[in-house]
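No lab work stands behind these numbers, since they all come straight from the coordinates. As the structure is a prediction and not an experimental result, all values here were calculated from the model. We place every Cβ from the backbone using ideal geometry, glycine too, and count neighbours over all the protein chains shown.
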Amino acid sequence: MRRIITIARDFGAGGSTLGRRLAKDLGIEYYDRDIILQTAKASAHLTPAQVRQWDERVPHEFGFTQSLFNFYSRPLSEELWNAQVAAIRQLAEHESCVIVGRNADYILREFDHTLRVFVHADKYFRIRHMQELMPDATRDQIEKDMLAVDRARQDYCTRYTGHLYADSRNYDLTLNTGKLGFDKAYELLLAAAKDIK
């Protein structure tokens, strides 16, 4: 039986860390930024550089003077979304895996044997965690980046899924790493992943 675990996350809450650990312990594939190359391969019109540019973002510069339209006159972001959907579905149809981000919870909403997880924490925990990962970055820069990434993910989710990002009704399990700590959060995640029906 295939197991698919999707992990949406707040920036700095540790969703990627938990996802990598889970994939390793379950002996299954882990996809995060790797999905970028899969997505680019799924589209005849996108290069990996274009995919990286729009990854989990809503373009702000729509207009006729911008070169965001492909051969079919669709915004590049629409092409990216469709390619990403195709890539994520193909992965889920063929193998067990952990997929972090990219609205995989929504894309795979009708798939069986799927656990949809959201990892979050309060602002101060996330800043401290990111300071540990990036000791050369200032607190102000981390906070600025955190707000920008969170907003980009929220906008991207709303635009393409019609759902509110971080709405607990869209997930099977939510984990507050700030309250639980990484070890306890991982223990709960692993137990839930092993029990996927």
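Values for this structure:
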read-out	value
Whole-Hz couplings from phi, Karplus 6.51/-1.76/1.60, listed for the range 112-126; x for Gly and Pro	6, 6, 10, 10, 9, 10, 10, 10, 9, 6, 6, 4, 5, 4, 5
Hits among aspartates and glutamates - C-alpha to C-alpha of residue 194 under 13 Å, sequence gap 8 or more where chains match	25
Residue 33 long-range amide H proximity, modeled H, under 5 Å	none
Net lengthening on full extension, residue 33/residue 167 (0.36 nm per residue, minus Cα-Cα)	45.9 nm
20 Å Cα-Cα reach of residue 123 towards aspartates and glutamates, excluding residues that sit fewer than 8 places from it in its own chain	10, 132, 136, 140, 143, 145, 150, 155, 167, 183
Three-way shape label, the range 146-197, alpha-carbon gyration tensor, a/c 1.5	oblate
For residue 165, distant residues with modelled amide H under 5 Å away	158
By average C-beta atoms within 10 angstrom, highest first, the peptides 113-122, 161-170, 90-99, 135-144	113-122, 90-99, 161-170, 135-144
